[in-house]
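**Q** Take this structure first; my questions come after.
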Amino acid sequence: MSDSYRALFCIFAATMSEGTPRRRFLTSSVTIVVSVSLVLIMMGLLGVLVLKARDVATYVKENIKITAFLDQDSKDVDVIALQKSIDAEPWRRSTEFVSKEDAAKKLQEDLGEDFVRTLGFNPLQPSIEIFLKADYANNDSIKWIEKNLREDSRIKDVYYQKDMVSAVNERMGSISLVILIFSAVLLFIAVGLIFNTIRLSIYSQRFLIRTMNLVGATQRFIRRPFVTKGILNGILGALIAIVITTGIVLMLDKNFQELDLIKVADVQTLGILCLMQIVLGIIITWISTAFAVRKFIRQGTDALYTN
């Protein structure tokens with residue numbers, strides 16, 4: 001280490017060894033850690049909400065049903081062959097064969113009366129209920145699937161609730177857009193709050209920065225200890241946020257089991273969410289600290305007393 005850099009370190013150490021500046025520095029660090037933690041807790045819970053919204057959207061879409069009606073006199077061999085051919089399609093999630101007897105029993109339960117005895121025969125047709133994968137549960141894909149099903153001579157008619165499909169996709173799209181906009185606004189506000197907190201903490205060190213600058217220290221050399229401290233604060237804040245976020249999720253899952261929060265995503269996805277909290281904590285504190293120090297480095301001496 002050169003003599004000039006050793007002198008700079010001595011200046012920094014001597015300044016920080018004084019009681020009041022050191023206490024002020026530690027207090028500002030605690031403030032930054034708490035601020036980062038609160039922001040990342042909100043972002044973590046918002047991430048869980050996004051995962052839950054995606055999970056709910058997938059559940060709703062995968063319960064959209066297409067009913068393929070068969071001929072009254074369809075043979076079991078033909079029904080099994082048709083069901084196997086549908087099961088081989090990439091858009092199929094599951095299929096279920098409903099005989100005309102089962103269909104009549106279900107309709108009797110819904111109506112509360114035995115319509116078969118009244119009519120003297122069962123007018124219902126056997127059918128195959130087809131449940132789609134979420135990626136194919138949209139109007140364009142279902143129209144294409146409907147067209148292909150109708151081309152099969154074993155299928156007499158195809159029915160699905162078109163209005164429900166449109167409503168599901170429109171509402172899920174709107175919900176996703178609202179969550180995305182809310183996330184962006186929250187992140188913008190959070191970054192602004194953390195930036196101001198870090199700027200105020202570095203404000204108390206502006207004369208030290210100016211002194212280092214006057215004795216010939218480079219901007220990179222001056223920024224390094226502040227940025228390093230900021231990154232450490234960001235990591236600490238992220239770890240605290242992960243612990244608290246996990247605790248909140250576990251508490252909600254225990255008291256509101258119907259939310260099924262623990263199964264909202266696999267362990268890998270939740271691990272990525274925790275990793276993103278750490279990365280976000282590092283990036284926010286890194287950039288905020290670097291810009292704040294840069295501002296005071298470039299200020300003139302007079303400005304240090306007025307700002």
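**Q** Limited to the stretch 65-83, what total is found for residues that are closer than 19 Å to Ile142 by Cα and either of a type outside the set (A, V, I, L, M) or at pLDDT below 85 (or both)?
**A** Total satisfying the criteria: 4.
**Q** What do you reckon, is Leu124 within 15 Å of Ile155 (Cα to Cα) and touching a strand residue (DSSP E or B) at 6+ places or on another chain (Cβ under 8 Å)? Walk me through it before giving the result.
**A** On the way: within 15 Å of Ile155 (Cα to Cα): yes; touching a strand residue (DSSP E or B) at 6+ places or on another chain (Cβ under 8 Å): no.
In short, no.
**Q** Output the number of the condition that Pro123 fails; it satisfies all remaining conditions of (1) closer than 23 Å to Asn63 by Cα; (2) assigned by TED's automatic domain parsing to the domain that holds Asp102.
**A** (1)
**Q** From Asp140, Asp135, grab the single residue that is exposed (fewer than 12 other Cβ atoms within 10 Å of the Cβ), under 24 Å from Tyr59 (Cβ atoms), at pLDDT 85 or above and not assigned by TED's automatic domain parsing to the domain that holds Met43.
**A** On the way: Asp135 fails: exposed (fewer than 12 other Cβ atoms within 10 Å of the Cβ).
None of the other options fit; the residue is Asp140.
**Q** Within the stretch 86-128, track down each residue that is free of Cβ contacts under 8 Å to residues at least 60 places away in the same chain and polar (S, T, N, Q).
**A** Once the filter is applied, which keeps residues that are free of Cβ contacts under 8 Å to residues at least 60 places away in the same chain and polar (S, T, N, Q), the stretch 86-128 yields Ser94, Thr95, Ser99, Gln108, Thr118, Asn122, Gln125.
**Q** Which members of the stretch 200-254 meet the condition of being in contact (Cβ under 8 Å) with a residue 60 or more places away in the chain, hydroxyl-bearing (Ser, Thr, Tyr) and assigned to a helix (DSSP H, G or I)? Before you say what the answer is, go through the steps one by one.
**A** To start, the set of residues in the stretch 200-254 that are in contact (Cβ under 8 Å) with a residue 60 or more places away in the chain comprises 200-213, 215-217, 219, 221-223, 225-227, 229-230, 233-234, 236-238, 240-242, 244-245, 248-249.
Then keep just the ones that are hydroxyl-bearing (Ser, Thr, Tyr); that gives 201, 203-204, 211, 245.
Ser201, Tyr203, Thr211, Thr245, listed by residue number.
**Q** Report those helices (runs of 4 or more DSSP H) wholly inside the stretch 31-120 carrying at least 3 residues which are among the charged types (D, E, K, R). Don't jump to the end; show me each part of the working.
**A** Numbers: elements: 76-87, 100-111, 115-119.
Fully inside the stretch 31-120 and qualifying: 76-87, 100-111.
**Q** Condition first: over 23 Å from Thr58 (Cβ atoms), out of contact with any helix residue (DSSP H, G or I) (no Cβ under 6 Å at 6 or more places or on another chain) and either at pLDDT 85 or above or of a type in the set (Gly, Ala, Ser) (or both). Can you find one or more residues in the stretch 163-180 that meet it?
**A** Filtering the stretch 163-180 down to residues over 23 Å from Thr58 (Cβ atoms) leaves none.
Within the stretch 163-180 (the criterion being over 23 Å from Thr58 (Cβ atoms), out of contact with any helix residue (DSSP H, G or I) (no Cβ under 6 Å at 6 or more places or on another chain) and either at pLDDT 85 or above or of a type in the set (Gly, Ala, Ser) (or both)), the answer is no, since none of the residues qualifies.
The values are calculated or read from the model by the stated rules, or taken from the named source; none is laboratory data. None of these values were measured; they are calculated from a predicted model. Using ideal geometry, Cβ is built from the backbone for each residue, glycine included, and neighbour counts are taken over all protein chains shown.
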